[in-house]
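The values are calculated or read from the model by the stated rules, or taken from the named source; none is laboratory data. All values reported here derive from a predicted model rather than from experimental measurement. FYI the Cβ positions are ideal-geometry reconstructions off the backbone, even for glycines, and counts take in every protein chain you see.
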Amino acid sequence: MNECFELYFECSGNLWRRHRFVKRWRGDTIAAMTPSEPAETRTEARPTQTATLAEIAREAGVSAPTVSKVLNGRADVAPTTRTRVEELLRAHGYRRRRAEATRSPLIDLVFHELESAWAMEVIRGVENVARDAGLSVVLSESAGRLTPGRTWADQVAARRPHGVVLVLSGLDESQRALLTSRSIPFVVMDPAGDPGADVPSIGATNWQGGLAATRHLVELGHRRIGAISGPPQMMCSRARIDGYRAALETAGLPVDQRLIKTGDFHHELGYRLGRELLDRPDRPTAVFAGNDLQALGFYEAARELGLRIPEDVSVVGFDDLPVARWVGPPLTTVRQPLTEMAEAAARLVLELGRAPSAETPTATRVELATSLVVRTSTGAPPARQ
């Protein structure tokens with residue numbers, strides 16, 4: 001069984017209509033779209049490279065066509081042979097010339113989870129850029145892992161897309177070397193951890209967003225402000241909660257660890273942690289949720305306890321998903337420009353693909369600004385405070 005699933009769809013027409021009719025394509029369907037394997041002369045290294053394919057083949061004890069199969073991600077190579085050839089390609093710093101590498105008209109978009117409106121905003125942004133460039137999009141999910149499995153990397157090498165955009169994900173050293181040797185550029189959007197100094201990435205001002213959300217509650221008069229963070233292993237989650245702490249400390253308010261709950265960016269845990277906060281005899285009068293889905297879970301917890309928002313408890317989310325405007329009351333939240341972030345990531349990966357093959361583009365790190373959107377889920381604390 002593959003370690004991730006993939007979806008393919010054309011970038012034209014209405015997004016919702018496409019989303020409804022997207023089908024899960026088998027690997028052989030994607031493979032059928034891939035251009036036939038380039039002739040051996042098209043994958044030969046430049047004379048300035050440390051080794052040619054023929055030299056690598058001799059060192060590996062295989063034929064030059066076998067090395068070419070490894071480069072093109074063909075499946076008909078023994079695993080031990082593939083590993084040996086890959087190690088030699090990395091050791092010699094082999095990189096296929098971009099001008100010679102035949103590419104499929106695709107952008108690979110990789111999620112660690114693909115199940116919410118958050119993901120749809122990202123897909124929309126990548127689609128916008130892909131459509132303008134005459135490309136289509138392949139979606140992959142790594143089943144909650146922050147690094148895709150090796151099967152995925154081989155499939156990408158076989159497809160030879162114009163580039164790869166990874167969302168809240170990263171690549172291990174062997175995967176990066178594999179894509180680099182095929183001249184397949186990649187960009188990380190909203191990286192979960194430190195992507196590395198040489199990895200291009202697009203993010204948002206998460207710390208500033210957490211600061212703005214909490215400062216808004218302080219300015220309304222709240223003094224006991226709880227928080228439901230996201231997963232601690234994600235940089236964006238840590239930055240948001242650090243902004244929350246900074247706002248309290250700047251206002252001279254204590255940071256009560258009992259009021260900080262560690263969530264997972266999902267509705268269900270937002271509900272359960274919301275119940276824990278609201279069941280306390282000294283419950284907070286306001287809560288900063290690490291994302292909108294957890295804020296909506298908190299809404300459910302408050303309703304079950306007969307509490308009114310914002311009369312009894314105020315709530316601030318993070319992301320500004322479309323649903324934030326539709327719930328009752330409309331949710332005050334920090335707008336993270338997800339569509340614009342995805343567009344920037346897709347544009348950057350295409351720019352990297354156009355860079356001269358002899359040059360290694362300088363890594364680019366971009367952070368787009370967040371902004372507080374005030375609606376009616378926040379107000380002054382109840383008189384009991």
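With respect to (1) assigned to a loop (DSSP other than H, G, I, E, B); (2) within 27 Å of the chain's Cα centre (by Cα), the lone exception for residue 222 is condition (2). With the condition kept exactly as written, say whether any residue in the range 255-272 is surrounded by 19 or more Cβ atoms within 10 Å (Cβ to Cβ), β-branched (Val, Ile, Thr) and under 29 Å from residue 166 (Cα atoms). Within the range 255-272 (the criterion being surrounded by 19 or more Cβ atoms within 10 Å (Cβ to Cβ), β-branched (Val, Ile, Thr) and under 29 Å from residue 166 (Cα atoms)), the answer is no, since none of the residues qualifies. Of all residues in the range 156-167, those satisfying the criterion of being crowded, with 23+ Cβ neighbours inside 10 Å and out of contact with any helix residue (DSSP H, G or I) (no Cβ under 8 Å at 6 or more places or on another chain) are 161, 166.
For the range 177-204, taking the residues that are surrounded by fewer than 19 Cβ atoms within 10 Å (Cβ to Cβ) and under 16 Å from the mean Cα position of the chain (by Cα), the one that is modelled with the highest pLDDT is identified as 199. Filtering the range 237-284 to residues that are in contact with a Lys or Arg (Cβ under 6 Å, 6 or more places away or on another chain) and more than 16 Å from residue 223 (Cβ to Cβ) leaves only 273. Residues in the range 265-279 that are touching a helix residue (DSSP H, G or I) at 6+ places or on another chain (Cβ under 8 Å) and not aromatic (Phe, Trp, Tyr): 266, 267, 268, 269, 270, 272, 273, 274, 275, 277, 278.
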